[in-house]
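Accompanying notes for the structure given below.
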Ligand SMILES: NC(=O)c1ccc[n+]([C@@H]2O[C@H](COP(=O)([O-])OP(=O)(O)OC[C@H]3O[C@@H](n4cnc5c(N)ncnc54)[C@H](O)[C@@H]3O)[C@@H](O)[C@H]2O)c1
């Protein structure tokens, strides 16, 4: 493959993140084909043209189907709200394109299963935007666990909190629509689920409670019912035997981008927080008891692929760098290399866990995953 033609649907928060990743993947990694930014589509031709010029895309249209039909596009980045993912992804796959779709796959399990079936039928690569698992420090935690450094893991706790909906006066937005899913469990809990799958493997059963702190939100014309749940607490049992919980909130004042992971094992503990994404805290029982305590490990070139970005330790990667690593993993998958990108066949495990959480909440009981 000499070059990759990119189509980008959506140019908001994630659209810009994908555009930056496509722009930087070659300068950062070097070992990838030339990237051609071919076509950008958004809700109107004017917005699409303006964003195409800003992000460096050649063509622009107000109709995403024109982008999917563009013969110069090889990979379609889908960064629109969740309710569009099914139609956009299945149409792109049927047109012979590879797909990089933002998380979650879809607002409900039935749609996600259709997306998986479309990917399998097409034979094309289809991956999801689970960027947090791409952090070199998360990869290092994975290695620490695989090497048995903290022994058998018995308890896993993950909290994901932000405060962008904490203000009761904040207006209604698309994330409050049922058409885009359940709320905190498919907007947020999917990220902890992707980390759990990466670090510990599948979940066996869940027990979920959800709540809606502010049942109505302001609109320009008045107010509208909030159709989703902004926070959730989930007890879980992993297939590896460990117990634990996930807690997620979009209304947690002061929390800006927290994904706090605590892992407790027979021989030690590991702590991580996305708000300090270049650090891991490690506690090992080895050594003198008088010197026991957590040590801080800072990200450095020996935590690959940090070295591709910066030759000096402790300078730190950022959120957008994770998107660039994810983009490199996607390209690897297209080339048939071993890849840590989350394919639709992994994403469906996340969707099944979300569906089990929703059923658990509705039925007030533990739900075992298939
Ligand atoms: N991976 C992550 O960490 C992460 C973070 C935030 C959001 N997301 C996901 O990214 C997706 C988008 O979220 P966002 O925060 O970027 O939203 P956003 O509102 O910032 O951007 C959405 C974009 O889609 C465009 N759009 C809407 N309807 C369209 C249509 N019919 N045709 C073409 N374009 C259309 C909008 O104009 C806008 O440019 C969601 O699925 C969300 O869950 C992922």
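Numerical summary
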read-out	value
Residue that is surrounded by the fewest Cβ atoms within 10 Å (Cβ to Cβ) [pool: residues in region 233-250 that are in contact with a strand residue (DSSP E or B) (Cβ under 6 Å, 6 or more places away or on another chain) and in a loop (DSSP other than H, G, I, E, B)]	239
Lone qualifier among 170, 146, 121 - being free of Cβ contacts under 8 Å to residues at least 12 places away in the same chain and surrounded by fewer than 18 Cβ atoms within 10 Å (Cβ to Cβ)	146
Checklist (1) within 30 Å of residue 301 (Cα to Cα); (2) touching a strand residue (DSSP E or B) at 6+ places or on another chain (Cβ under 7 Å); (3) within 13 Å of the ligand (Cβ to nearest atom); (4) outside any strand (DSSP E or B) applied to residue 185, failing item	(1)
Residues located in region 56-82, provided they are within 13 Å of the ligand (Cβ to nearest atom), under 22 Å from the mean Cα position of the chain (by Cα) and buried (at least 20 other Cβ atoms within 10 Å of the Cβ)	76, 77, 78, 79, 80, 82
Matching residues in region 1-20 - criterion: being surrounded by fewer than 18 Cβ atoms within 10 Å (Cβ to Cβ) and more than 15 Å from the ligand (Cβ to nearest atom)	1, 2, 3
Residue match in region 46-54 (condition: under 22 Å from residue 324 (Cβ atoms) and within 11 Å of the ligand (Cβ to nearest atom))	yes
Number of the condition not met by residue 342 [criteria: (1) free of Cβ contacts under 8 Å to residues at least 60 places away in the same chain; (2) in contact with a helix residue (DSSP H, G or I) (Cβ under 9 Å, 6 or more places away or on another chain)]	(1)
So residue 143, is it over 15 Å from the mean Cα position of the chain (by Cα) and within 15 Å of the ligand (Cβ to nearest atom)	no
The one condition in (1) at pLDDT 95 or above; (2) more than 16 Å from the ligand (Cβ to nearest atom); (3) more than 20 Å from the chain's Cα centre (by Cα) that residue 25 fails to fulfil	(3)
Selection from region 276-322 of residues that are within 23 Å of residue 150 (Cα to Cα), touching a helix residue (DSSP H, G or I) at 6+ places or on another chain (Cβ under 8 Å) and surrounded by 14 or more Cβ atoms within 10 Å (Cβ to Cβ)	277, 278, 279, 280, 282, 297, 299, 300, 303
Residue in region 108-128 that is in contact with a helix residue (DSSP H, G or I) (Cβ under 7 Å, 6 or more places away or on another chain) and under 16 Å from residue 192 (Cβ atoms) present	yes
Lone unmet requirement of (1) within 11 Å of the ligand (Cβ to nearest atom); (2) more than 29 Å from residue 117 (Cβ to Cβ) for residue 34	(1)
Residues (in contact (Cβ under 8 Å) with a residue 12 or more places away in the chain and more than 14 Å from the ligand (Cβ to nearest atom)) located in region 83-111	90, 93, 94, 95, 96, 97, 98, 109
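For (1) within 13 Å of the ligand (Cβ to nearest atom); (2) under 18 Å from the mean Cα position of the chain (by Cα); (3) more than 23 Å from residue 74 (Cβ to Cβ), each residue gets a yes or a no:
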{"position": "118", "(1), (2), (3)": "no, no, no"}
{"position": "133", "(1), (2), (3)": "yes, yes, yes"}
{"position": "139", "(1), (2), (3)": "no, yes, yes"}
{"position": "150", "(1), (2), (3)": "no, no, yes"}
{"position": "156", "(1), (2), (3)": "no, no, yes"}
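The values are calculated or read from the model by the stated rules, or taken from the named source; none is laboratory data. Source: prediction; values computed, not measured. Note that each Cβ is placed from the backbone with ideal geometry, even for glycine, and that neighbours are counted across all protein chains shown.
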